[in-house]
1. Determine the sum of side-chain charges near ARG125: Lys and Arg each +1, Asp and Glu each -1, restricted to other residues whose C-beta is under 15 angstrom from that of ARG125.
2. Only sites in a loop by DSSP and with at most 13 other Cβ atoms within 10 Å count here; which trypsin sites (Lys or Arg not before Pro) in segment 108-174 make the cut?
3. Give me, ordered by chain and number, the residues 5 or more places off THR105 or on other chains with an amide H under 5 Å from its own placed amide H.
4. With springs connecting C-alpha atoms under 10 Å apart, model the chain as a Gaussian network and identify which of PRO82, PRO110, PRO188 has the largest mean-square fluctuation.
5. Which entry is the computed mean projected area of the Cα convex hull in nm² for this structure: [x] 14.2; [y] 16.8; [z] 12.1?
6. Taking only Cα atoms and a 10 Å spring cutoff, compute GNM fluctuations for the chain and point out the largest among LYS55, LYS39, LYS101.
7. Using a Gaussian network model of the chain whose springs link C-alpha atoms within less than 10 Å, name the residue from PRO113, PRO163, PRO84 with the highest mean-square fluctuation.
8. Whole number in Å², please: accessible area per residue of segment 18-122, 1.4 Å probe, ligands, DNA and RNA not counted.
Amino acid sequence: MARVSQAHLDARRRQILDGAAICFARNGFHATSMQDVLKEVDLSAGAVYRYFSGKEELIGAIVEEVLGQVRDGFEEAARSRPLPPLDLLVVSVLARVLATKESLTVDGRPAFPRLILQVWSETLRNDELATVLREGYGAVRETWTRIVRAYQDTGAMRADVPPEHVARTMMAAAMGFLAQQALFGPAPAEVLGDGLRALMSVRDHSLVNLPETGSN
C-alpha cells in the first residue's frame, strides 16, 4: 500500500474543516448532522472519522484554528518596530483572517461571520467549547495588552487607561464588526479601520463642540 504523504493528510483535514464550517454556518450546530458534513465534503464516514470523532471535535478544531490565526497575527504585529498605527494594525490582521476564509460561502455570502455567531451561541450550552473559546480569547487579550503597553510606552496612546481595558475594547470592536457582517452583509475590514481612525482623532471630549439640538 502506497504511503500517504503529510501534504495529502493536511489537505484532507482542511477539506473536512472547511466543509463542516459551511454546514455549521448554514444550518447551525445542532441542526447539522455528521451525515450533512459527509455529504458536503463528499467523503466516506471512515475518511472523516479518521480525523475527527464527531461534531464537537470539529467545532473545537475550527475555533482553535481561527483564534490561533488571530493570536499569531497580532503577535507578529506586536514585534514590529515601529508599531504601525492602531487602525492599520487591526485592519491588517482582520483582513488576513477574513482572506483565509473567503472561499467559504453560504448562499453567495461569506460563511465565516455566520459561523462565528453560531460558535458564540453554542458556547452558552457547551462547557467544553466555552473553555476552548475562553482560553483562546484569553491568549488574544494578553497579546493585545502587550501591544497597548507598547503604544503607551512610546507615547502614542494615553497611559492613564489600564491596558487590559483597551484590549477588551479593541476585541469588542472586532467582534462587533464580525457580528454586523453576519447580520447585515459583508464589508471590508477597512470600514472598521476608518471608524477606529476617526474615533482616535477625538483627543478630548471637552474640545468637541456639538451642535445644539431641539426645536427653534
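The values are calculated or read from the model by the stated rules, or taken from the named source; none is laboratory data. For clarity, every value in this text was computed on a predicted model and none was experimentally measured. So basically every Cβ, Gly included, is an ideal-geometry build from the backbone, and we count neighbours across all protein chains shown. We work out accessible area using only protein heavy atoms, side chains counted, and drop any ligands, DNA or RNA first. Shrake-Rupley method; radii C 1.70, N 1.55, O 1.52, S 1.80 Å.
1. -2
2. Hits after loop and neighbour filter: ARG125, ARG158.
3. ALA111
4. PRO82
5. [y]
6. Of LYS55, LYS39, LYS101, the most mobile in the Gaussian network model is LYS39.
7. Among PRO113, PRO163, PRO84, the largest GNM mean-square fluctuation belongs to PRO84.
8. On the way: 4910 Å² over 105 residues.
It amounts to 47 Å² per residue over segment 18-122.
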